[in-house]
Structures are given as C-alpha cells and as structure tokens.
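Here the structure comes first, spelled out in structure tokens, and everything after it is commentary.
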Amino acid sequence: TKHFSSNDWVKSSLDYLGGKKPIGTFRYTPMIGPDILTGILARTTRQSVYDFANENLFEPLGIKVEKTMILKDKEEHMKYHKAKETSVWIMDEQGTNTAGWGLSLSTRDMAKIGQLYLNDGVWENKQIVSSTWIKESTSEHSRWEKQNLGYGYLWWIMKNGFAAVGDGGNVIYVNKEKELVIAIRGYFKPRCKDRIELIEKYIEPLFK
C-alpha cells in the first residue's frame, strides 16, 4: 500500500530493496523490484520507457500499446485489474512505466515476444535483441530453493526452456527443445492454478 500510494515507484522500490533478509538471499518481489529497471532505462536512454519500447521492440514486432496511464487512487487501480479490454502501460506520477506489472498485451503479442526469444532475438531476419542478452537473461543466476526453480533475468528457468509467469495466470512459455511457444492471457485472478503444470501436463504433449 505504501509503495503504490507513493508518487515515485522507482525511489520506493529502492527504499524497500533487500528487505530484512541477508544480502544474497533470493527474494521474489515481482510487483515492486522490477520498477528499478524502468528507472534505469529511462535515465540511461533519456526518454520514457514507453517511447523506447515502441521504437525498439513494439513497432518491429507489430505490437501496439495505445497509451500510458496513471492510476490516481485505489478505485482506478481495481478498475484497471478488472478491465476486460485494454491496451495501456501504467506509469507513476513521475512518468516512469512499470516493469513487473501494468503492461496490457494481447495473447498474440505475448506469443511474439516468446517467438523473438526462441529465435535468439531475430524477427523477420533482423536482429531486434542481442543474442548475447537472450542467452544471459534466460540462464540461471539465482534459485528459489523453496520451489526448486532457477531464475534468470525476469525469466523462470525450466527443464527445456524458460517462462515469464505473470500474476493472475499470464504466461509466456518457451520450449527450446521442441521449438514451441505458448502464451496464456487471462483476467486477473488471485491464486490462480499453476499454469506451468497445465502447459507441461496437457498442452505440450499435444505437440510431438
């Protein structure tokens, strides 16, 4: 509540960095931690992350995110989570876009990002993202011992690939071995059932 009611989510994320655990201990903070990344990007590129992403990622992939939005209060926050059709990217009052949530994409758009990663950063014969970064970001750099899951840079590391797993059951799943991309987009649903289990048990076996 303190984080989302503040007007600078990057500063708030930095204030909470580390929490009370020892340095080096894995701590999954998907809603708050990644906001530091958009702060770094905005400062480094000297433009909004929305503009940077449009120019370097969305437009080459044919993805359209119509607008940015500031959520002014709890009611607007809840309305956003319940919206069925939206094409926005949430930002704080400083104009910095969110990184761990708040970007609304279609299932097809999510699949395009998965396909880009499957192709080592190449889209329509053009290198959109560095293949070195693709490899580095999808390699294990830490581990969540409780769940026995490896973690790269915002990607969970699976047996045959990697996955971006969002709140409410949104998933981009890439199986390098089968050259398979699976995207699932759902309305926000707290404590939804395990989408990775659904994919590995029931969807992947359909593709020999």
Bounding extents of the stretch 33-107 in its principal axis frame from Cα atoms, largest first in Å, are 33, 27, 18
Neighbourhood net charge (14 Å Cβ-Cβ; Lys/Arg +1, Asp/Glu -1) for Asn119
+1
Between Asp167 and Thr45, what is the label-point separation in nm under the 7 Å Cα-to-beta-carbon projection?
2.3
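Would you compute, from DSSP H runs of 4+ residues alone, the mean residue ellipticity of the chain at 222 nm, taking -39500 (n - 2.57) per run and dividing by the full residue count, rounded to the nearest 500? Display every interim value, and only then the final one.
On the way: 8 runs with 60 residues, N = 208.
After summing the helix terms and dividing by residue count, I get -7500 deg cm²/dmol.
With the Cα gyration tensor of the chain in hand, convert its eigenvalues to equivalent ellipsoid semi-axes via √(5λ) and list them largest first in whole Å.
26, 21, 19
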With contacts defined as alpha carbon pairs under 8 Å and 6 or more residues apart, what's the relative contact order of the chain in percent?
15
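Taking the Cα centre of the stretch 1-116 as origin, sum charge times position over the Cβ atoms of Lys and Arg (+1) and Asp and Glu (-1), and report the length of that vector in debye to the nearest 20.
Values: 16 positive and 14 negative charges, 85 e Å.
With Lys and Arg at +1 and Asp and Glu at -1, about 400 debye.
Based on the Cα coordinates of the stretch 87-203, what is the per residue volume of their convex hull in Å³? Don't skip to the answer; put the middle values down first.
Numbers: hull volume 16.7 nm³, N = 117.
About 143 Å³ per residue, rounded to a whole number.
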If each of Ser87 and Ile23 carries a label point 7 Å out from its Cα toward its Cβ, how far apart are those two points in nm?
4.6
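In which sequence would Ile203, Ile90, Ile23 go, from the one with the fewest C-beta neighbours within 10 Å to the one with the most? Write out the running numbers ahead of the final one.
Values: Ile203 14, Ile90 18, Ile23 5.
Going from sparsest to densest Cβ surroundings: Ile23, Ile203, Ile90.
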Sorted by Cβ density within 10 Å, fewest first, the residues Arg143, Arg185, Arg46:
Arg46, Arg143, Arg185
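What is the magnitude of the charge dipole of the chain about its Cα centre, with +1 placed on the Cβ of each Lys and Arg, -1 on the Cβ of each Asp and Glu, and no other charges, expressed in debye to the nearest 20? It would help to have the intermediate numbers written out before the result.
Details: 30 positive and 26 negative charges, 120 e Å.
My answer is approximately 580 debye.
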Which FRET efficiency value, to the nearest 0.05, do you get for Lys176 and Asp15 by plugging their Cβ-Cβ distance into 1/(1 + (r/R0)^6) with R0 = 25 Å?
0.10
Scan around Ala99 for amide H atoms under 5 Å from its own, H built in the peptide plane at 1.01 Å from N, and keep only partners 5 or more places away or cross-chain.
Asp35
If you plug each phi of the stretch 77-89 into the Karplus form 6.51 cos²θ - 1.76 cosθ + 1.60 with θ = phi - 60°, what whole-Hz ³J(HN,Hα) values come out, in order, with x for Gly and Pro?
4, 5, 4, 4, 5, 8, 5, 8, 10, 7, 9, 9, 10
Total charge dipole magnitude, the stretch 107-208, about the Cα centre, Cβ charges on Lys, Arg, Asp, Glu only, Debye to nearest 20:
300
Return the sequence-ordered ³J(HN,Hα) values of the stretch 157-173 in whole Hz as given by the Karplus equation 6.51 cos²θ - 1.76 cosθ + 1.60 applied to θ = phi - 60°, using x for Gly and Pro.
9, 9, 4, 10, x, 7, 8, 9, 10, x, 5, x, x, 7, 9, 10, 10
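Read-outs: derived from the displayed coordinates by stated rules, not from any lab. Remember, predicted model here, so these are calculated numbers, not experimental data. FYI the Cβ positions are ideal-geometry reconstructions off the backbone, even for glycines, and counts take in every protein chain you see.
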